[in-house]
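Engineer: First the structure, which I've put down as structure tokens, then a few questions once you've had a look.
The values are calculated or read from the model by the stated rules, or taken from the named source; none is laboratory data. Worth saying up front: this structure is predicted, and the values here are computed from it rather than measured. Please note: Cβ atoms are built from the backbone with ideal geometry, for glycine as well, and neighbour counts cover all protein chains shown.
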Amino acid sequence: MRVRLSPLLFRRIHKWVGLIVGLQFVLWALSGSIMALLDADAVGGHDGAAIQASPIATARLMTLDKQTALGPVSGFELRSIAGVPVYEIVSTSGTRLINAATGVPISVDLELATRVAAHGTASRPIRATLLQKPNLEARDHAGPMWRIDFDDAEESSAYVSATTGRHLVTRGDTWRTWDFFWMLHNMDYVNRVSFNHPLIVIVAFCVLWLSGTGFYLLFKSFRKSDFRWLRRMKRQPTAPPSAI
């Protein structure tokens with residue numbers, strides 16, 4: 001079947017491509033407006049809660065000499081987890097938490113994760129779930145983590161690393177609303193993280209194609225008869241200047 005490249009064919013394709021891209025422009029305008037109207041403080045949730053670290057008394061802490069069995073250490077940090085001084089040690093065998101006062105290994109279980117998540121908030125935790133991999137709400141982080149749900153107006157969920165015991169991030173309903181419209185805005189319907197993906201590239205080329213064919217159809221829409229008024233203006237004699 002032979003396809004004839006005519007202005008009519010371009011006009012039909014231009015019409016339907018314009019409808020599809022036009023709907024996406026409406027979504028861009030709608031999602032951008034809603035994201036701008038949402039209270040930025042209520043959206044929040046982009047980072048872990050800003051918790052003031054309590055001072056750690058180092059006088060009675062054990063030394064690392066007792067932990068040589070861990071192997072070569074590539075990372076070390078003394079910090080507090082729910083008020084307990086802890087050594088976070090990164091070695092060839094992975095990341096371990098050790099009670100800095102007693103030397104007892106610490107595992108981030110449900111109880112500890114709940115204490116970390118509830119630190120600094122008056123909301124009541126109602127549910128805890130161990131995730132082996134991040135969900136969309138905690139997609140900026142890696143590794144297994146605990147999700148602690150709270151009974152508050154925002155239906156907040158705090159995420160705590162099951163490896164390090166760190167408070168990773170807290171999400172609420174306002175953030176979830178923002179994230180939904182962010183998905184519509186960047187057209188990343190799977191990961192919701194990037195503008196650099198094939199779908200938005202295709203839409204960009206469609207917009208470019210619409211611009212090119214729009215100019216083509218604009219010039220094809222005119223006929224010589226449309227410019228007769230110009231010829232009539234040229235032929236119209238000018239009136240002689242009046243005598244004074």
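Engineer: If you scan region 129-156, which residues turn out to be in contact with a Leu (Cβ under 8 Å, 6 or more places away or on another chain) and modelled with pLDDT of 95 or more?
Structural biologist: LEU130, PRO144, MET145, TRP146, ARG147
Engineer: For GLU155, which of the numbered conditions (1) out of contact with any strand residue (DSSP E or B) (no Cβ under 9 Å at 6 or more places or on another chain); (2) of a type outside the set (Val, Ile, Thr); (3) on the phi > 0 side of the Ramachandran plot; (4) free of Cβ contacts under 8 Å to residues at least 24 places away in the same chain fails to hold?
Structural biologist: Exception for GLU155: condition (1).
Engineer: Turning to a different aspect of this structure: From GLY22, GLY83, GLY18, which residue is at pLDDT below 85 and under 24 Å from PHE150 (Cα atoms)?
Structural biologist: Checking each option against the conditions leaves just GLY83.
Engineer: Run down ALA59, ALA101 and say which single residue is in a loop (DSSP other than H, G, I, E, B), at pLDDT below 75, in the same structural domain as ASP152 (by TED's automatic domain parsing) and among the hydrophobic types (A, V, I, L, M, F, W, C).
Structural biologist: Being in a loop (DSSP other than H, G, I, E, B), at pLDDT below 75, in the same structural domain as ASP152 (by TED's automatic domain parsing) and among the hydrophobic types (A, V, I, L, M, F, W, C) holds for just one of ALA59, ALA101, which is ALA59.
Engineer: Next question, about the same structure. Any chance region 160-172 includes a residue that's more than 19 Å from the chain's Cα centre (by Cα), assigned to a loop (DSSP other than H, G, I, E, B) and either outside the structural domain of SER123 (by TED's automatic domain parsing) or closer than 16 Å to ASN135 by Cβ (or both)?
Structural biologist: yes
Engineer: Restricting the search to region 144-189, which residues are in contact with a Ser or Thr (Cβ under 8 Å, 6 or more places away or on another chain), of a type in the set (Phe, Trp, Tyr) and surrounded by fewer than 22 Cβ atoms within 10 Å (Cβ to Cβ)?
Structural biologist: PHE150, PHE181, TRP182 - these are the residues of region 144-189 that are in contact with a Ser or Thr (Cβ under 8 Å, 6 or more places away or on another chain), of a type in the set (Phe, Trp, Tyr) and surrounded by fewer than 22 Cβ atoms within 10 Å (Cβ to Cβ).
Engineer: Which of the residues that make up region 106-129 are without any contact (Cβ under 8 Å) to a residue 12 or more places away in the chain and either within 14 Å of TYR159 (Cα to Cα) or in a helix (DSSP H, G or I) (or both)?
Structural biologist: Within region 106-129, ASP109, GLU111 qualify.
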